[in-house]
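Asker: Dropping a structure here in structure tokens format, bear with me for questions.
The values are calculated or read from the model by the stated rules, or taken from the named source; none is laboratory data. Computed from a predicted structure; not experimentally measured. Using ideal geometry, Cβ is built from the backbone for each residue, glycine included, and neighbour counts are taken over all protein chains shown.
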Amino acid sequence: MGPVEFLVLAFPGERIGPDVVAPLTALRRSGGVRVIDTLVVVKAADGSVSAAELAEFEHLKDVAPAGDSLNLMGEEDAAEAAELLEPGSSALLILVEHVWASEAAEAFRSAGGRVAASVRIPPEHITEAHQALANAS
């Protein structure tokens, strides 16, 4: 199995549009990622929170076809994600396996290796570093 990642993708508004999940759907269909579980969390303008499986939304269900999800996320995950949201916003919680990396992961394990650390670098940090280098020239 490749690396598994839990993401909370937050959006303004109480509805996640199909254009937002289209790239994820394409990655799933191409075999780049395997969607293990999903959850949509909505924090209404009045602060109330609701959560539902992605497959319950007709316009979003292609991200994780029915029967593929393991239902590993629940109320506790929804509550924690809601703490990150402003009223009148929503989030897509997604648990994905990076299938593209599974061959490398298998080679690491076969050689007795392990991931000793993993740090996600925000893209804006890379952009800032490139800009700083360009300004220094």
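Asker: Suppose we filter G88, G47 for residues that are at positive phi, surrounded by 12 or more Cβ atoms within 10 Å (Cβ to Cβ), more than 15 Å from the chain's Cα centre (by Cα) and not acidic (D, E); which single one remains? Let's see the steps before the verdict.
Answerer: Working: G47 fails: surrounded by 12 or more Cβ atoms within 10 Å (Cβ to Cβ).
The unique qualifying residue is G88.
Asker: Just need a number here: residues in region 102-130 that are under 16 Å from the mean Cα position of the chain (by Cα) and not β-branched (V, I, T). Let's see the steps before the verdict.
Answerer: To start, the set of residues in region 102-130 that are under 16 Å from the mean Cα position of the chain (by Cα) comprises 119-123.
From what's left, not β-branched (V, I, T): 120, 122-123.
Count: 3.
Asker: While we're looking at this one, here's another question. Which members of region 13-34 meet the condition of being farther than 17 Å from E58 by Cβ, surrounded by 12 or more Cβ atoms within 10 Å (Cβ to Cβ) and in contact (Cβ under 8 Å) with a residue 40 or more places away in the chain?
Answerer: G32, V33, R34
Asker: I would also like to ask the following. Any residue that is among the small types (G, A, S), modelled with pLDDT of 85 or more and touching a Leu at 6+ places or on another chain (Cβ under 8 Å) - is there at least one of those in region 81-98? Steps first, answer last, please.
Answerer: Here is the first cut: in region 81-98, the ones among the small types (G, A, S) are 81-82, 88-91.
Okay, now just the ones that are also modelled with pLDDT of 85 or more, so 81-82, 88-91.
Narrowing the set further to residues that are touching a Leu at 6+ places or on another chain (Cβ under 8 Å) leaves 81, 91.
Yes, the conditions are met somewhere in region 81-98.
Asker: Another question, then. Of all residues being among the hydrophobic types (A, V, I, L, M, F, W, C) and within 20 Å of F6 (Cα to Cα) in region 105-137, which is surrounded by the most Cβ atoms within 10 Å (Cβ to Cβ)? Just the residue, please. Give the derivation first.
Answerer: Kept after step one, since they are among the hydrophobic types (A, V, I, L, M, F, W, C), are these residues of region 105-137: 105, 107-108, 111, 115-117, 119, 121, 126, 129, 132-134, 136.
When the remaining residues are screened for being within 20 Å of F6 (Cα to Cα), the result is 105, 115-117, 119, 121.
Details: A105: 16, V115: 9, A116: 5, A117: 4, V119: 4, I121: 8.
Ranking the candidates gives A105 first.
Asker: Next question. Under 6 Å between Cβ atoms, which residue pairs at least 6 apart in sequence (or on different chains) link something in region 47-60 that is over 16 Å from P18 (Cβ atoms) with a partner that is outside any loop (DSSP other than H, G, I, E, B) and not aliphatic (A, V, I, L, M)?
Answerer: V49/K43
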